[in-house]
Amino acid sequence: MFLDRDGTLNVEKEYLSRVDECELIPGAGRAIRRLNAAGWLVVVVTNQSGVARGYYGEEEVAALHRHMAAELALTGAAVAGWYYCPHHPSGGEPYNRPCDCRKPLPGMLLQAARNLDIDLSRSWMVGDKLADIEAGLAAGCRSVLVRTGYGRQDEHRLPSGVPVCDDLPAAAAYILAV
């Protein structure tokens with residue numbers, strides 16, 4: 001089970017880097033706990049072009065992920081891995097290089113699958129952007145768009161057959177019912 005971060009797991013705040021500005025989507029912890037209880041490993045995959053653009057460093061990304069993991073743990077939820085892409089073509093050195101990890105490319109999902117022994121054909125990608133859905137489909141996962149974050153804007157651009165849910169709790173319920 002792969003989740004986008006900004007707009008899917010936490011409230012979208014452009015270039016989020018500070019722990020004190022992080023706000024989880026209501027019910028996100030309970031949704032992940034339900035997925036965990038059903039046997040799903042949950043992995044977060046997130047583009048973080050703010051690193052390439054010099055808005056914040058990789059240390060801030062790591063601190064934010066530790067904070068989010070601790071907040072989720074308070075609800076009994078666990079994330080098995082946190083993967084991020086720090087690259088962007090208009091960023092500074094060394095982050096402005098081509099990569100296969102920036103969504104919509106599937107590199108982060110493929111790396112997590114190798115690291116955590118995940119069967120991509122049985123996995124899901126949940127995100128709020130078309131790029132999230134495209135990355136999931138490119139990796140061989142089923143995908144769900146959530147309307148939080150940018151989801152309402154990208155909903156009309158989805159490939160046929162991709163389900164849409166209001167938020168992460170609704171997506172988790174959908175996945176668990178399939």
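Every number here is computed from the coordinates shown, using simple stated rules; none is lab data. Just so it is clear, the model here is predicted, and its values are computed rather than measured. FYI the Cβ positions are ideal-geometry reconstructions off the backbone, even for glycines, and counts take in every protein chain you see.
Which of M125, M1, M68 comes first, and how do the rest follow, when ranked by fewest Cβ neighbours within 10 Å?
Details: M125 30, M1 24, M68 21.
If I rank by nearby Cβ atoms, fewest first, I get M68, M1, M125.
Could you list D6, D117, D132 so that the one with the fewest beta carbons within 10 Å of its beta carbon is first and the one with the most is last? Can you show the working numbers first?
Working: D6 22, D117 8, D132 31.
The fewest-first ordering by Cβ neighbours comes to D117, D6, D132.
Roughly how many whole Å is it from the C-alpha centroid of the stretch 69-83 to that of the stretch 7-26?
If you average the Cα positions of each part, the centres end up 15 Å apart.
Just going by the charge dipole of the stretch 30-178, with Lys and Arg at +1 and Asp and Glu at -1 on Cβ, which of A177, Q153, L130 is farthest out on the positive end?
A177
Name the longest site-free stretch of the chain, where the excluded sites are trypsin sites (Lys or Arg not before Pro) in a DSSP loop with no more than 14 other beta-carbon atoms within 10 Å. Intermediate values should be presented prior to the final figure.
Numbers: sites that count: K13, R18.
My reading of the result: 19-178 is the longest stretch.
Note the full-extension length gain between Q153 and E58 as 0.36 nm times their separation in residues minus their Cα-Cα distance, in nm to one decimal.
Numbers: separation 95, 0.36 × 95 = 34.20 nm, distance 2.88 nm.
Stretched out fully, the Q153 to E58 stretch lengthens by 31.3 nm.
Which whole-number percentage describes the relative contact order of the chain, with Cα contacts under 8 Å and a sequence gap of 6 or more?
Numbers: 342 pairs, mean separation 42.1, N = 178.
Reported relative contact order: 24 percent.
Would you mind ranking D119, D154 so that the residue whose beta carbon has the fewest other beta carbons within 10 Å leads the list? Don't skip to the answer; put the middle values down first.
Values: D119 9, D154 19.
With the sparsest Cβ surroundings first, the list reads D119, D154.
What helices does the chain have that are whole DSSP H segments, at least 18 Å long along their own axis by Cα, and with mean Kyte-Doolittle hydropathy of -0.5 or more?
Details: long enough: 58-73 (22 Å, -0.14).
Span-like helices, by this rule, are 58-73.
With runs of 4+ DSSP H residues as the only contributors, calculate the mean residue ellipticity of the chain at 222 nm using -39,500 (n - 2.57) per run, divided by the residue total and rounded to the nearest 500. Don't jump to the answer; show the numbers that get you there.
Working: 7 runs with 63 residues, N = 178.
Using -39500 (n - 2.57) per qualifying helix, the result is -10000 deg cm²/dmol.
S17: net charge of surrounding residues, Cβ under 14 Å, Lys/Arg +1, Asp/Glu -1, itself excluded? Don't skip to the end; give the middle numbers.
Numbers: positive: R5, K13, R18, R53, R66; negative: D6, E12, E14, D20, E21, E23, E58, E59, E60.
It works out to a net charge of -4.
Under a Cβ-only charge scheme (Lys and Arg +1, Asp and Glu -1), can you give me the dipole magnitude of the stretch 2-177 about the Cα centre, in debye to the nearest 20? Before the final figure, lay out each step's value.
Values: 18 positive and 22 negative charges, 83 e Å.
Dipole of the stretch 2-177, to the nearest 20 debye: 400 debye.
Counting only DSSP beta bridges with both residues in the chain, what percent are antiparallel, rounded to the nearest 5?
Working: 1 of 17 bridges.
Given both bridge residues lie in the chain, the antiparallel proportion sits at roughly 5 percent.
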